[in-house]
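Read through the structure below, which is laid out as structure tokens, and then see the notes.
None of the figures in this text is laboratory data; all of them are computed from the coordinates on show. The structure displayed is predicted, hence computed values, not measured ones. We place every Cβ from the backbone using ideal geometry, glycine too, and count neighbours over all the protein chains shown.
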Amino acid sequence: MADTNFDVIIIGAGPGGYVTAIRASQLGMKTAIIEKEHLGGICLNWGCIPTKALLRTAEIYNFIKHAAEYGLSVEKASFDLKKVVERSRGISKQLNNGVGHLLKKNKVTVIDGTARLNGQGTVEVTAPNGNAAPNLTGKHIIVATGSRPRTLEGLEPDGKLVWTYFEALLPNTMPKSLLVIGSGAIGMEFASFFNSLGSKVTVVEVMDQVLPVEDAEIATLAHKKFEKHGIKVMTKAKVVHLDKSTDSVTCMVENSAGKTQKMTVDRVISAVGVVGNIEDIGLETTKVKTKNGCIVTDEFGRTAEPGIYAIGDVAGPPMLAHKAEHEGVICIEKIAGLNVRPMKKEHIPGCTFCHPQVASVGLTEAEARDVGHEVKIGRFPFIGNGKAIALGEQDGMIKTVFNKQTGELLGAHMVGAEVTELIQGYVVAMGLETTEEELIHTVFPHPTLSEMMHESVLDAYDRVIHM
């Protein structure tokens, strides 16, 4: 590599990193991005995208199993696990190649290797073969190193019997029984996938509700649907010990009263969250501060070291790909001197692609009350919507939370079919500071699932029509 001096150097080519690199190039900056493994990072290669491919397979297989309800006849439905996994990996590879094309198109210099900060303005690079590559210098260095699975002491994954999401994406056999530790997005998505393909799944959650970050009412409804689909969910419980044999794991699970029970399963998935990748990247050579395993930044990604920034998972929660992308754009546009608005984290939507899907944005009902809002609550069930019934998807609910005095939309929470596609309507509304009056007078198309969004608003103000 002849040129080693850049305006911007980005460490990590996950969603936040590569999007930031493209935007930097668009703004006329000479940009380099360093990636030690895969363009697209964990999300594209080992997270968001391949899991959705697996879940789509599970969804179709589930439809086939219920074909008779739609007047169809399907005999001897089965699946080929190897081909299911191959499809998932093929989709990730296609998008990985696409990221490479976009970076090339935008004239971003892509460097394969491991990066390490060396004070202000300098990045050391180790090539994939282990040899030292020329140091890079840059006016601005953006750390986008992402995150990795969190592990619990005594319950560490071994890659064979106890999996992280890496191994869960590449199963070489379908476990007849499975225990999932943690009921967040990762845990419930894998629980749904393996349950749909025939595994007997148990989920253990230490908090008092499944999907702990969601609105309690929505989580309760989701819990019922998970159990209806055959997933056993144990809340206020924790796995305290794993005893591994040749091809099974005996798990000791303790409830809130201290009582333990033993269960033996084929495999265990550890899904207890993620931690930022802050180790071995040279932070000690800078003034960069860390807290709770993440880099401390201001609202524009700036760290305590001038010229060094951090975005995405490594910069703290919420650890979501879309947050990383937008955070990166804000960071680089601020560097470029544009007039940018800080990101409002309360306007970042969360989506869980389990069965049924769960999506939300803003404050839960409990959070809104806790911070002093008088609230008006709207609810609308899927059973009252013609499109949902026609789809055979009448299980679910949409819930809205408004400030009673101002009509401000404080939060929206959904469980049911395709809610991960619906939530963005409320995200836009919150970003525009839309009130209940504007939503009430918005015309929603018929027949669509989105009509339930309208009806939920109407319900909050005692004007609901179809319930």
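With charges set only on the Cβ (+1 for Lys and Arg, -1 for Asp and Glu), what does the dipole of region 138-267 come to about its Cα centre, in debye to the nearest 20?
Dipole about the Cα centre, nearest 20: 140 debye.
Quick one: 3J(HN,Hα) in Hz for region 135-151, Karplus 6.51/-1.76/1.60 with θ = phi - 60°, rounded, Gly and Pro as x.
Once rounded to whole Hz, the list reads 5, 10, 10, x, 5, 9, 10, 10, 8, 9, 7, x, 9, 9, x, 6, 10.
Using a simple charge model, +1 on the beta-carbon of Lys and Arg, -1 on the beta-carbon of Asp and Glu, nothing else, what dipole does the chain show about its Cα centre, in debye to the nearest 20?
The dipole of the chain has a size of about 1020 debye.
Among SER360, SER192, GLN424, pick out the residue whose Cα is farthest towards the positive end of the charge dipole of the chain, where Lys and Arg carry +1 and Asp and Glu carry -1 on C-beta, about the Cα centre.
Of the options given, the answer is SER192.
Report, in deg cm²/dmol and to the nearest 500, the calculated mean residue ellipticity at 222 nm for the chain, where each DSSP H run with n ≥ 4 adds -39500 (n - 2.57) and the sum is divided by the residue count.
Here the helix-only value at 222 nm equals -9500 deg cm²/dmol.
Just the ratio, please: alpha-carbon radius of gyration of region 1-151 over 2.2 N^0.38 Å, N its number of residues.
My calculation over the Cα atoms of region 1-151 gives 1.38.
To the nearest 20 debye, what charge dipole does region 57-155 have about its Cα centre, counting +1 at the Cβ of each Lys and Arg and -1 at the Cβ of each Asp and Glu? Can you show the working numbers first?
On the way: 14 positive and 8 negative charges, 70 e Å.
Dipole about the Cα centre, nearest 20: 340 debye.
Of the listed values (i) -0.83; (ii) -0.91; (iii) -1.13, identify the label whose number matches log10 I(q)/I(0) by the Debye sum over Cα atoms at q = 0.10 Å⁻¹ calculated from this model.
(i)
Pulled fully out, how much extra length does the chain show between VAL74 and ILE60, if you take 0.36 nm times their separation in residues and subtract their Cα-Cα distance?
3.8 nm
I'd like to know which of THR220, GLY328, HIS454 lies farthest towards the positive end of the charge dipole of the chain, counting +1 on Cβ of Lys and Arg and -1 on Cβ of Asp and Glu.
The listed residue farthest towards the positive side: GLY328.
Suppose R0 equals 30 Å. What FRET efficiency, 1/(1 + (r/R0)^6) with r the Cβ-Cβ distance, do ILE383 and HIS441 give to the nearest 0.05? Please report the intermediate quantities before stating the final value.
Values: r = 26 Å, r/R0 = 0.86.
The computed FRET efficiency comes out at 0.70.
Between THR126 and ILE465, what is the spin-label point distance in nm, taking each point 7 Å from the Cα along the Cα→C-beta axis?
Reported label-point gap for THR126 and ILE465 is 6.4 nm.
Projected onto the charge dipole of the chain (+1 at Lys/Arg Cβ, -1 at Asp/Glu Cβ, origin at the Cα centre), which of GLY40, ALA127, THR235 gives the Cα projection farthest towards the positive end?
So the residue furthest toward the plus end is ALA127.
LYS344: which lysines have alpha carbons under 19 Å from its alpha carbon, excluding same-chain residues fewer than 8 sequence positions away?
LYS323, LYS334
What does the charge count around PHE402 come to, taking other residues whose C-beta lies under 10 Å from its C-beta (Lys +1, Arg +1, Asp -1, Glu -1)? Walk me through the numbers on the way to the answer.
Details: positive: LYS376, LYS404; negative: GLU374, GLU408, GLU436.
Here the charged neighbours net out to -1.
For HIS441, what charge total do you get from the other residues with a beta carbon under 15 Å from its beta carbon, if Lys and Arg give +1 and Asp and Glu give -1?
-4
When Lys and Arg each count +1 and Asp and Glu each count -1, what net charge do the other residues less than 13 Å away from ASP215, Cβ to Cβ, add up to?
Neighbour charge sum, excluding ASP215 itself: -2.
Could you pull out which residues in region 165-190 have an amide N less than 17 Å from a spot 7 Å beyond the Cα of GLN261, following the Cα-Cβ vector?
177-182
Per residue, how much space in cubic angstrom lies within the convex hull of the C-alpha atoms of region 162-298? Walk me through the numbers before you get to the answer.
Numbers: hull volume 21.0 nm³, N = 137.
So the per-residue hull volume is 153 Å³.
Quick one: Karplus J couplings for region 104-120, per residue in order, coefficients 6.51, -1.76, 1.60, θ = phi - 60°, nearest Hz, x for Gly and Pro?
So the Karplus estimates, Gly and Pro as x, are 5, 4, 8, 6, 8, 6, 9, 10, 7, x, 9, 9, 8, 5, 9, x, 6 Hz.
So if R0 is 25 Å, what FRET efficiency would ASN292 and ASN118 give, r being the distance between their Cβ atoms, rounded to the nearest 0.05?
0.50
Please compute, for the alpha-carbon atoms of region 318-433, the extent along each of the three principal axes and give them in descending order in Å.
51, 33, 21
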